[in-house]
Amino acid sequence: MATIEVQRQLLPILDSPNQGARFYNPELPSSEPFVPGHRTCAGCGPSIQYRMTSKAAGDNTILVGPTGCMYVANSSYLCTPYNVPWAHTQIGSAGSFTAGVAAAYEAMIRKGKWKGKFPNIICEAGDGSASDIGLASISGALYRNHDCLIICYDNEQYANTGIQASSRTPYGGMTTFSPPGPEVPEGKKLYPKDLARMMAAGHPHCYVATASVGYPIDLMNKVRKGLNHKGAAYLMIYTPCQKGFVYETPRSIDLGRLVVECGLYPMWEWNPEKREFNYSFRPASMRPVSEYLKLQGRFGHLHAEHIANLQKFANEQWKMMGVQLPEALIQAADAKNLTNMAAAAEAQAVAQTL
Amino acid sequence: MPMLAEQKKRTVRINGCVASAQAAKYADVDVIAAYPIRPYTATMMALAQMVANGELDAEYIVADSEHSQLSIAHGASSSGARVFTGSSGVGVQFAYELYSPISGSRMPVQMMIADRTLDPPGDFGSEHTDALSTRDMGWIMGWSCDAQEAFDNHLIAYRIGEDPRVLLPQMVCQDGFFVSHITGDVELPDSGQVKEFLPPYKHPYPLDPRHPVSHGPQIMPEQGPPLQLERARAMEQSMAVIEEVHEEFAKIFGRKYDPWVEEFMTDDAEVVFFLQGAHAVTARFAIQHMRERGLKVGMVRLRTIRPYPTDRVKDVLSKFKVVGVIETNMGLGSVSSGGVLYAEAAAALYESQKRPLILSFMAGMGGEAIVLKEFYWMTEKMLDAQRRGKIEKRTHWVGFEE
């Protein structure tokens, strides 16, 4: 059968001399496929991520939005913040709807029914969709290797429905489905699903990475690497939610950096060609988890032992990254040593440049 | 596609599943979303082989569930591709969430259904409850009774659903096994006929980066009524298009179907069966036998149940003394403990000046064949009602009563 070869886009990688430090790149693309005028909260982490992602992708892009806060807050009928085609899909259809869009463009271009370069097809699913109800659909899309990018914008809860625990809600995180009380003082008892690693392990032919809104250039580059990768790619991106995390709204980007500096959100890339993890990302500092926790009301109920448990968890993540743990962080994993850890002076003592 | 240009009209002996696959091939579908469940699976097996052989250029996607199948179909149709998917039994229901979003976004996805009884227990046999449970979701829906009609219905449904005046998804249903796995002679058309009948799919507002649109935004409650009204109107307006397309089909392919009901030996009939699907084939034989015995019995077969041909059903059924509805679907606790067909036929007849007596026959449950002597038994019940001029018992479980 006579078929037309599908031409694909190649997006340049942005200059980022020190990925872990604050850095402004004047070469950022001017296109804004995600524009103001939506109803997200002040300081909304996911909408910052949406803007960075669509900016990195450019105008030859189709966005898919499963049900979640970024569906409800962004797309109010007769008004849209999207300058590129966007479609809502069901919360469990993140991977499958996206696969349908990708398959349609493969067939339509190949059969001469649509002319142009293969568009960037990006699904931005909340962690409820990505880690729970839409997990199988996303795994299916990654497994079948459709040329698309699936993003889990990870605000660690079901925010749209009024803050309920998801599989990504951290240990100790208070939500309306994991409230603390005399019998359950820590609130959420379970540790978060290791979602991105699960996707890398199960779909090793895919480009998989974690990112955070605290590191915009790194985030945009990972979006572009994912889009440039021929086949499926997956990103899990930390996007704080002031409504659910309960913090001062100007601190979204700070939290996006602190979560990495505290070891609670390891930044890595899975290289599908070499079939190996790249753990070379180093934040400017290492800090105790209490530095991150103390800014958020959702952790306000934690006792010393719970904070120590989170420090233990973070220490394991540092070890996984191949980072030598400073003695202070090892000590901080013991509740007995932790009483003053939230104090600025104590934190300063363990903070250090990598 | 060049392959289709080489097809000449020929008659082949194939079953309903393969006939459906052939129809999808003739429609030159772009995206196929498959997931296995008996008995419709044979359609997807045939399509997989066609793709492997290079007879059909389509993205063949093995989905991870029926929910994903329908979501893939939704995404692909939204992007401008012609889409084919299908299912059976509990698979139809696993995808339930998607039926309303697909019709609500006005995407003419086509879904083939080979009916299967719902669980419990695991039963392969045909019962229409699977597809009928989705009947109010905004899909055009109808049943064929043999392989040729199945083939034809797929092409007809694409043409109707993709018409810019309609833009609605379609469920093209056939009985599991009685149609899906029984072979019959099927005339495969010249591909030129199909090209003449079915223009390429062109949605007015696809997801195309050159003309950005937003699909499916959230609405405020006051925006709900106009949107729901539009969808309801699309369904109503499709009726004229359905009639037009059937006429066009007859002109090009030479097979003339009444889009709404098939009437069999009804000219002087006093009692009639009212049913849909494959049992019509047995019913025709039974009626011929009973006619030899002088009984004035006939059959009205519903071909399209969504949109429901209310006036047509009213006018046709009003002609008779007694109507015996053969359900082949379950309506547990429904009106008169009958099924879907009874409730809707009775509602359609309500405004008629001449209302027949209506009986509901629960028959063919679990995919059990309805045999000739059961048709005779049901006819006796109808004639008995005619003699008495009233209904003693509205619903009968065939095979469980004297």
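Of note:
- Legend: mean number of C-beta atoms from other chains within 10 angstrom of residue C-beta atoms, peptide B:89-101, equals 1.
- On a per residue basis, the convex hull of the C-alpha atoms belonging to chain A measures out at 132 Å³.
- Amide H to amide H distances under 5 Å link B:S214 with A:W86, where only residues 5 or more positions off or on other chains count and H is placed in the peptide plane.
- All C-alpha pair distances within chain B, sorted into 10 Å bins from zero, spread as 5, 23, 33, 24, 12, 3, 0 percent across the bins.
- Here the Debye sum runs over all C-alpha atoms of the protein assembly as shown as equal scatterers in vacuum, and log10 of I(q)/I(0) at q = 0.05, 0.08, 0.09 Å⁻¹ comes out as -0.32, -0.71, -0.85.
- Between amide H atoms placed 1.01 Å from N, distances below 5 Å from B:G86 occur with B:M112, all of them 5 or more places distant or on a separate chain.
- Where both bridge residues fall in chain A, DSSP classifies roughly 30% of the beta bridges as antiparallel.
- GluC sites (Glu not before Pro), loop per DSSP, at most 15 other Cβ atoms within 10 Å - longest free stretch of chain A: A:28-182
- The GNM of chain A, with springs linking C-alpha atoms under 10 angstrom apart, assigns the highest mean-square fluctuation among A:P17, A:P29, A:P66 to A:P17.
- Choice from B:Q353, B:Q93, B:Q237 showing the highest fluctuation, given a GNM over chain B with Cα pairs closer than 10 Å: B:Q353
- Projecting the Cα atoms of B:S78, B:N15, B:P309 onto the charge dipole of the protein assembly as shown (Cβ charges, centred on the Cα centre) puts B:S78 farthest toward the positive pole.
- Take each residue in A:107-119, count the other chain C-beta atoms within 10 Å of its C-beta, and the mean is 5.
- Using just its DSSP H runs of length 4 or more, each adding -39500 (n - 2.57), chain B gives a mean residue ellipticity at 222 nm of -12000 deg cm²/dmol after division by all residues.
- Taking trypsin sites (Lys or Arg not before Pro) across the range A:53-157, the ones in a DSSP loop with at most 14 further Cβ atoms lying within 10 angstrom of their Cβ are A:K115, A:K117.
- Sites listed here are trypsin sites (Lys or Arg not before Pro) in the range A:251-291 whose DSSP assignment is loop and whose Cβ has at most 15 other Cβ atoms within 10 Å: A:K274, A:R275.
- Average beta-carbon neighbours from other chains, 10 Å sphere, peptide A:59-67: 3
- Relative to the dominant Cα principal axis of chain A, helix A:252-261 is inclined by about 70°.
- In terms of its Cα atoms, the range B:261-397 spans 35, 34, 29 Å along the principal axes, sorted from long to short.
- Projecting the Cα atoms of B:P108, B:A24, B:I140 onto the charge dipole of chain B (Cβ charges, centred on the Cα centre) puts B:I140 farthest toward the positive pole.
- 3J(HN,Hα) along the range B:189-206, derived from phi through the Karplus expression 6.51 cos²θ - 1.76 cosθ + 1.60 where θ = phi - 60°, amounts to x, 5, 5, x, 4, 5, 4, 5, 7, 10, x, x, 5, 9, 7, x, 9, x Hz, with x in place of Gly and Pro.
- Computing Rg and the Kirkwood Rh from the Cα coordinates of the range B:122-255 gives a ratio, Rg/Rh, of 1.03.
- Summing +1 for each Lys or Arg and -1 for each Asp or Glu among the other residues whose beta-carbon sits under 12 angstrom from that of B:R388 gives +3.
- Spacing of the modelled spin labels on A:L190 and A:N25, each 7 Å from Cα toward Cβ, amounts to 3.7 nm.
- Computed per residue of chain A from DSSP H runs no shorter than four, each worth -39500 (n - 2.57), the mean residue ellipticity at 222 nm is -9500 deg cm²/dmol.
- GNM on chain B, alpha-carbon springs under 10 angstrom: the most fluctuating residue among B:P209, B:P309, B:P39 is B:P209.
- Partner lysines whose Cα lies under 17 Å from the Cα of B:K321, excluding those fewer than 8 positions away in the same chain, are identified as B:K296, B:K354, B:K381, B:K390, B:K393.
- Sites B:K256 and B:Y376, calculated FRET efficiency, Cβ-Cβ separation with R0 30 Å, nearest 0.05: 0.45
- Descending by average beta-carbon neighbour count within 10 Å, the peptides B:104-117, B:153-166, B:328-341, B:65-78 line up as B:65-78, B:104-117, B:153-166, B:328-341, the highest first.
A short reminder: the numbers here are calculations on the coordinates, not readings from a lab. Bear in mind that the values here come from a model prediction, so they are computed numbers and not experimental data. FYI the Cβ positions are ideal-geometry reconstructions off the backbone, even for glycines, and counts take in every protein chain you see.
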